[in-house]
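Below is one structure, written out as structure tokens, with a few remarks after it.
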Amino acid sequence: MTSRHIVIVGGGQAAAQAILTLRQKKFDGRITLVGEEELPPYQRPPLSKKYLAGDLERERLLLRPLAFYEKNGVEMRLGVRAEELEPDSRRVRLDDGRSLGYDGLLLATGSRVRRLNIPGSDLPGIHYVRNVADVDRISEAVKPGNRLVVAGAGYIGLEVAAVAATKGLKVTILEAVDRVMARVVCPEVSRFYFDYHTRSGVDIRCGKMIDGFIGNGHVEAVSAADGERFPCDLAIVGIGIEPVVEPASGAGLTCDNGIRVDEFARTDDEAIVAAGDCTNHPSRRYGHRVRLESVQNAIDQAKVAAASLLGEDQPYDTVPWFWSDQYDLKLQIAGLSQNHDRVVLRGDPSANSFSAFYLRDGVLLAVDAVNSPREFMLGKRLIMQRAAPAPELLADSESDLMELLKR
């Protein structure tokens, strides 16, 4: 392997993990990382939480210090974008006019925010949350008394609202559908978070479709489709993300809601693998293809992708997990709840500690745990076992989930 060159396109969790895995597996060839931002790979989940709150310094966002990459002989091409892939000649063309040859290529291109294209959407004062620069700009306006309107009540929207409300801003959330976090949690969990935010002073309006931003040189209000206007000093849009697939699709690789890979993270091209938010991979556990937006997926799939570049077959089929921090609440999710036919609640929402277990045909698919780390951990293990626990035992807070595992 001494003469091989592996190029990694991307500057996030998957890229950093792939480098670590390659060196741990004794790969002694060249590694070049290409990243659009000037920073080396860093954590993104804290951006809408501790970093926005000012509780985490920029240096602590870094997944590895620069010394790690120097020690491991990684060539860093930061502040440049991979514009074009040439699979036939195995080259990556960069936007600075240079190109890199490769023997193996890992695409860890990640995702970008979905943007609103409505009247006034280009006004200053409208923000998105995806990178450090985004949050630095938002932080300048996070001042007590300022009015913030958040578009979208998903993870990002609610996390930003929690920080802003704690900082003394007057926060309004506008959500197009009928409940918060509707894509990922059941109505019972949605109601709990709606009530908690409301008690914390946040005004949440569900069923409110935004049709424009209003302002003269700076955003001053957000307009809803029903004619109601919401004055603001700043607006934050959090309506989801989409995979960055252009380098792959432009090279003729199959893309369908992400770069299509197999269980070994391989694309159509034998020399190209992909990992992280940008991929669409098969899940034997759930019986269909999925695209996951999570740190866990980026890490675990990057390990598989790195192994594939070295000729090792390690199928990827782990239980996905996610988390969200809002106020003093930690929501931990294991598994995928889509297509469930029953929800079982355990614990007491009024005590801010409870769980929701999702089942289909009696088999446990997923668990949402609010300030319930034990239920999260044991629930994840039950999902791994494809367990079919009795609903009455799941609902009984006095029952021992560990006993279910032993069965």
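At-a-glance table
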{"quantity": "Loop GluC sites (Glu not before Pro), the stretch 256-320 (other Cβ atoms within 10 Å of the site Cβ: 10 or fewer; DSSP)", "calculated": "E270"}
{"quantity": "The stretch 327-337 - phi-based ³J(HN,Hα) in whole Hz, Karplus 6.51/-1.76/1.60, Gly and Pro as x", "calculated": "6, 9, 9, 10, 9, 10, 10, 10, x, 10, 8"}
{"quantity": "Integer Hz, Karplus 6.51/-1.76/1.60 couplings in order for the stretch 365-376, x for Gly and Pro", "calculated": "9, 7, 9, 9, 10, 9, 6, 9, x, 5, 5, 4"}
{"quantity": "Residues whose placed amide H lies under 5 Å from that of K330, excluding near-sequence neighbours", "calculated": "N371"}
{"quantity": "Helix-only [θ]222 nm of the chain, DSSP H runs n ≥ 4, -39500 (n - 2.57) each, per residue, nearest 500", "calculated": "-7000 deg cm²/dmol"}
{"quantity": "Rounded to whole Hz, the Karplus (6.51, -1.76, 1.60) HN-Hα couplings of the stretch 72-88, x for glycine and proline", "calculated": "9, x, 8, 7, 9, 10, 9, x, 10, 10, 7, 8, 8, 9, 10, x, 4"}
{"quantity": "Spherically averaged projected area in nm², based on the convex hull that wraps the Cα atoms of the chain", "calculated": "21.1"}
{"quantity": "Given K50/K330; K50/K167; K26/K71; K143/K208; K170/K208, the pairs whose alpha carbons are separated by over 24 Å", "calculated": "K143/K208"}
{"quantity": "Modelled FRET efficiency - R0 45 Å, R205 with H5, Cβ distances, 0.05 increments", "calculated": "0.25"}
{"quantity": "Of all DSSP beta bridges in the chain, antiparallel share, percent nearest 5", "calculated": "60"}
{"quantity": "Under-5 Å amide H pairs with R360, H placed in peptide plane, nonlocal only", "calculated": "D341, L365"}
{"quantity": "Zero-based 5 Å bins, Cα pair distances in the stretch 328-406, whole percents", "calculated": "3, 18, 30, 28, 15, 4, 1"}
{"quantity": "The chain - percent relative contact order, Cα under 8 Å, separation 6 or more", "calculated": "14"}
{"quantity": "Placed amide H near L63: partners under 5 Å, 5+ positions off or other chain", "calculated": "Y42, Q43"}
{"quantity": "Spacing of the two label points (7 Å from each Cα toward its C-beta) at D256 and L393, in nm", "calculated": "3.9"}
{"quantity": "Fewest-first sequence of T198, T166 by Cβ atoms within 10 Å of each Cβ", "calculated": "T198, T166"}
{"quantity": "Per-selection Kirkwood Rh - the stretch 126-237 (Cα, Å, 1 d.p.)", "calculated": "14.1"}
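Every read-out reported here was derived from the displayed coordinates using simple, explicitly stated rules and does not represent laboratory data. Just so we're clear, the structure is a prediction, and the values are computed from it rather than from any experiment. Positions of Cβ are generated from backbone atoms using ideal geometry, with glycine treated the same way; all protein chains shown enter the neighbour counts.
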